[in-house]
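Report on the structure given below.
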Amino acid sequence: MSSLSKIIRQLKSQTARYIQNQYDFSLLKKAQKAIVFLTPGESLVNGGVMSIYSLCRYSRELNPADYCCICTYPHKLTYARNTAFPNQERILRFEKFLEQAAHIQELILHVPEYYSEFLYEDLSPQERAFLKQIPKLHINIMNQNIQLMPPAEKIKSLYSLTAHITQTTAHNRYANPQICDQWQMPVHLFSVYLPIEEYKRYPFENKTKTVVFSPDETPHKQKVAALLKQHLKGWKFVTVKKLTFSQYMELISRSFFTITFGEGFDGYFTQPCRIGSLAFAVYNDKFFPSQDWKRLKNIYESDEEMEKRIVEDILYFSTHPEEYMQTAQKTDDLRKTLYSKEKFLDNLRRFYRQEYDFYPKQK
């Protein structure tokens, strides 16, 4: 990163601090209980960040008597609003929250998994002391990607702050007793809910000869991109980059296909089918909920199988509208067995009632 870029980031962060200082903190000052979600210090748009905003929004609706907010990670960059996707959140920096939360008797602190290893060390001694004196402190680690979840021994420092530590998951695949016992803490499925059905759907005949690539950079992606560019003359290939969420939804809706090169069972795979488009993915045993997904015609067993079939499949589906729509619908039907607003809200309610899905065996 250039020196100029660093200066610009710091100036934006300073401006955000000024805006945050003007917020009305009267509700927080009177609150007995707060629910806080930590998020990166820059206004990103990705599935993990959007799910945190969604969790905060619906946590607030389910807990109207509590102060619920999103804070940027302690002592890093901060921002005041994220305009990259629709939301109404005013973002605080964590230090400012603590400054205004002197009378808090209960705090639920939701921490992304990739921060959980470092949180204790990144807090100042005064902040640690403040958290320790809160009568009811509950730290919840949001495990949104099992590959980013630190080993159990690397998050032991959090127990210096409180004994009440839980783990919530975004995927059904790693909401199970094995994960619970491995980390020796209660595990609960949060799931994900993003209301995207209101975005425009383009009928098959109005879709463009465009293939959208997820932003992940892998050797497998390079091979697939080279094959498609070699064999699909007249087609356009677009990697998702520097788009607002509305621009992204418009792109995948009017494009024939989206290909994910990341987790497989991610937004780049599950979102297109919700607006009548078709996505391809390679089956990943760590993220897909079950092997039932392998039955779909748009799922490949391996990178090699995708590289072997992808050109033929794109040519076939783009000229067979019934097969195209049926495959997209089957994908969405299978998704609906796991994800719905009702299930999401029920998961949240049970979490805040401390009715967790799994409890560790006593050791």
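Lys and Arg at +1, Asp and Glu at -1: add these up for the other residues within a Cβ distance under 15 Å of LYS223 and post the number.
Around LYS223, the charge tally is -2.
Restricting to DSSP H runs of at least four residues, report the calculated mean residue ellipticity at 222 nm for the chain, -39500 (n - 2.57) per run over all residues, nearest 500 deg cm²/dmol.
Calculated from helices alone, the mean residue ellipticity at 222 nm is -11500 deg cm²/dmol.
By how many nm would the segment from LYS132 to GLN354 grow when fully extended, if each residue of separation counts as 0.36 nm and the alpha-carbon distance is taken off?
Full extension from LYS132 to GLN354 adds 77.9 nm.
With all protein chains present and a 1.4 Å probe, how do LEU348, LEU27 order by accessible area, largest first?
These residues rank, largest area first, as LEU27, LEU348.
Between GLU121 and GLN182, what is 0.36 nm times their sequence separation minus the Cα-Cα distance? Round to one decimal in nm.
Stretched fully, the GLU121-GLN182 segment lengthens by 19.6 nm.
At 1.4 Å probe radius, can you tell me the per residue accessible area of the stretch 127-190 in Å²?
38 Å²
Helix 219-231 versus the longest principal axis of the chain: what is the Cα-based angle in degrees, 0 to 90, to the nearest 10?
For 219-231 against the chain, the angle is about 30 degrees.
Enumerate the residues in the stretch 223-255 having an amide nitrogen under 18 Å from the point lying 7 Å beyond the Cα of ILE196 toward its Cβ.
Answer for the stretch 223-255: 238-255.
I need two numbers for the stretch 208-363: Rg to one decimal and Dmax as a whole number, Cα atoms only, in Å.
For the stretch 208-363, the Cα-based Rg and Dmax read 17.4, 62 Å.
I'd like the accessible area for TRP183: 1.4 Å probe, protein heavy atoms, all chains in place, Å² to the nearest 10.
For TRP183, solvent-accessible area is about 20 Å².
Quick one: with all protein chains in place, what share of the accessible area of the chain is carbon or sulfur, to the nearest percent (1.4 Å probe)?
51 percent
Taking 2.2 N^0.38 Å as the expected size of a compact globular protein, what ratio does the Cα radius of gyration of the stretch 124-173 give against it, to two decimals?
1.30
Taking the simple approach of a point 7 Å from Cα along Cα-to-Cβ for both LYS286 and ALA102, what is their distance in nm?
Result: 4.6 nm between the two label points.
Kindly express, to the nearest 10 degrees and within the range 0 to 90, the angle between helix 341-352's C-alpha long axis and the longest C-alpha principal axis of the chain.
Approximately 20 degrees, to the nearest ten.
Less than 20 Å from a label point 7 Å out along the Cα-to-Cβ axis of THR319: which backbone N atoms in the stretch 220-241 qualify, by residue?
227-237
Tell me, what is the per residue accessible area of the stretch 297-363 in Å², probe radius 1.4 Å?
Per-residue value: 61 Å².
So what does LEU315 come to for accessible area, using a 1.4 Å probe and Å² rounded to 10?
Per-residue accessible area (LEU315): approximately 80 Å².
Relative to the first principal axis of the alpha-carbon coordinates of the chain, what is the inclination of helix 321-336, with its axis defined by its Cα atoms, in degrees from 0 to 90 and to the nearest 10?
The helix 321-336 is inclined about 20 degrees to the chain.
State to the nearest 20 debye the size of the charge dipole of the chain about its Cα centre, where the only charges are +1 on K and R beta carbons and -1 on D and E beta carbons.
About 800 debye.
Over the Cα atoms of the stretch 45-161, what radius of gyration and what Dmax do you get, in Å?
Every Cα atom of the stretch 45-161 included, Rg and Dmax give 14.3, 38 Å.
Report the full-extension gain for the segment LEU27 to LYS343: residue separation times 0.36 nm, less the Cα-Cα distance, to one decimal in nm.
Taking LEU27 through LYS343 to full extension adds about 110.8 nm, to one decimal.
Could you grab the relative contact order for the stretch 269-350? Cα pairs under 8 Å, six or more apart, rounded to a whole percent.
34 percent.
I'd like the trypsin sites (Lys or Arg not before Pro) in the stretch 5-109 restricted to DSSP loop residues with at most 15 other Cβ atoms within 10 Å, sorted by number.
LYS76, ARG81, ARG90
In percent, what relative contact order does the chain have, based on Cα pairs under 8 Å that are 6 or more apart in sequence?
Computed over the chain, the figure is 14 percent.
Per the Kirkwood definition applied to all pairs of different Cα atoms, how many angstroms is the hydrodynamic radius of the stretch 283-357?
Evaluated on the stretch 283-357, it is 14.8 Å.
Would you mind calculating the relative contact order of the stretch 248-306 from Cα pairs under 8 angstrom and at least 6 residues apart, reporting the percent as a whole number?
Dividing the mean separation by the residue count of the stretch 248-306 yields 29 percent.
Could you tell me, in Å, what Rg and Dmax come out for the Cα atoms of the stretch 1-85?
Answer for the stretch 1-85, Rg first and Dmax second: 14.3, 45 Å.
Apply 1/(1 + (r/R0)^6) to the Cβ-Cβ distance of LYS361 and ILE7, taking R0 = 41 Å, and write down the FRET efficiency to the nearest 0.05.
It comes out at approximately 0.20.
Does the stretch 184-278 come out rounded, prolate or oblate by the C-alpha gyration tensor, with a ≥ b ≥ c the root eigenvalues, rounded set by a/c under 1.5 and, if not, prolate when a/b is larger than b/c and oblate if not?
Oblate shape, in that a/c is at least 1.5 and b/c is the bigger or equal ratio.
List the extent of the Cα atoms of the chain along each of their three principal axes, largest first, rounded to whole Å.
64, 52, 35
The values are calculated or read from the model by the stated rules, or taken from the named source; none is laboratory data. Because the structure is predicted, anything quoted here is derived from the model rather than measured. Glycine also receives a Cβ, built like all others from the backbone with ideal geometry; neighbour counts cover every protein chain displayed. Note: accessible area is taken over every heavy atom of the protein model, side chains too, but ligands, DNA and RNA are not part of it. Shrake-Rupley method; radii C 1.70, N 1.55, O 1.52, S 1.80 Å.
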